[in-house]
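The block underneath contains the structure these notes are about, expressed in structure tokens.
The values are calculated or read from the model by the stated rules, or taken from the named source; none is laboratory data. Computed from a prediction, not measured in an experiment: that's the story for all the values here. A quick note on method: Cβ atoms are made from the backbone with ideal geometry, for glycine too, and the neighbour counts reach across all protein chains shown.
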Amino acid sequence: MFQSVLKGSCLCGAVHYEVEGDASRFYHCHCKRCRKASGTGHASNLLMISASLRFTQGEELLKQYKVPEAKRFGKQFCSQCGSSLPRISGEADRVVIPAGSLDDEPPIKPQSRIFWDSRADWSCQDDMPRFAEYPA
């Protein structure tokens, strides 16, 4: 595990945070809930343990949503721009960070794709052309 202090923010810049802890896991999750919550083919989440989460700006703008029947699934987001933001998960010392909200480079790379059998058929096709920006 990698002890780190990571900083991040939302799209509109109103909310900023710092997380300190051990980077434990980094997954691309293809479950239906993550696809719905992210609006994409998967959610990329970094899990930090023995971690503390501190909002340094805009904490009053945070909103949360928890799927009532879900044991672990929840979402925290900026009420101004809707960006997903870190949340405490389960035990008080576990923080789930939506990787796209990070301003810093994560200390570990994604380790695997989970809930692969739940993925959308159109998601993550590796034979597609790639462009640095928009196609010509």
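Just give me the residues in the range 25-59 being of a type outside the set (A, V, I, L, M, F, W, C) and in a strand (DSSP E or B), in sequence order. Spell out how you get there, then give the answer.
As a first pass, look at the range 25-59 and keep what is of a type outside the set (A, V, I, L, M, F, W, C): 25, 27-28, 30, 32-33, 35-36, 38-42, 44-45, 50, 52, 54, 56-59.
Hits for the range 25-59 are Arg25, Tyr27, His28, Ser44, Asn45, Ser50, Ser52, Arg54, Thr56, Gln57.
Restricting attention to the range 93-136, and to residues there that are closer than 24 Å to Val19 by Cα and acidic (Asp, Glu), which single residue is modelled with the lowest pLDDT?
Step one: list which residues in the range 93-136 are closer than 24 Å to Val19 by Cα, which gives 93-114.
Narrowing further to those that are acidic (Asp, Glu): 93, 103-105.
On the way: Asp93: 82, Asp103: 98, Asp104: 95, Glu105: 95.
This residue is Asp93.
For the range 6-14, does any single residue satisfy the condition of being touching a residue at least 60 places away in the same chain (Cβ under 8 Å), over 17 Å from Val95 (Cβ atoms) and in a strand (DSSP E or B)?
Step one: list which residues in the range 6-14 are touching a residue at least 60 places away in the same chain (Cβ under 8 Å), which gives 6-12, 14.
This time we only want the ones that are over 17 Å from Val95 (Cβ atoms), so: 11-12, 14.
Within this subset, residues satisfying the condition of being in a strand (DSSP E or B) are none.
No, the conditions are met nowhere in the range 6-14.
Can you name every residue in the range 43-55 that is farther than 17 Å from Ser83 by Cβ and of a type outside the set (Ser, Thr, Tyr)? Can you show your working first?
Initially, the range 43-55 is screened for residues farther than 17 Å from Ser83 by Cβ, giving 47-52, 54.
Across the range 43-55, the qualifying residues are Leu47, Met48, Ile49, Ala51, Arg54.
Please go through the range 60-81 and give me each residue that is over 15 Å from the mean Cα position of the chain (by Cα), part of a loop (DSSP other than H, G, I, E, B) and charged (D, E, K, R), ordered by number.
Glu69, Lys71, listed by residue number.
Looking at Gly39, Gly90 in this structure, which one is loosely packed, with under 14 Cβ neighbours inside 10 Å, modelled with pLDDT under 95 and within 17 Å of Leu11 (Cβ to Cβ)? Break it down stepwise before answering.
On the way: Gly90 fails: within 17 Å of Leu11 (Cβ to Cβ).
The unique qualifying residue is Gly39.
Could you give every pair whose Cβ atoms fall below 9 Å, whose first residue belongs to the range 39-52 and is under 20 Å from Gly21 (Cβ atoms), and whose second residue is buried (at least 19 other Cβ atoms within 10 Å of the Cβ) and of a type in the set (D, E, K, R), counting only separations of at least 6 or pairs across chains?
Note: pairs meeting the criteria are Ala43/Arg35.
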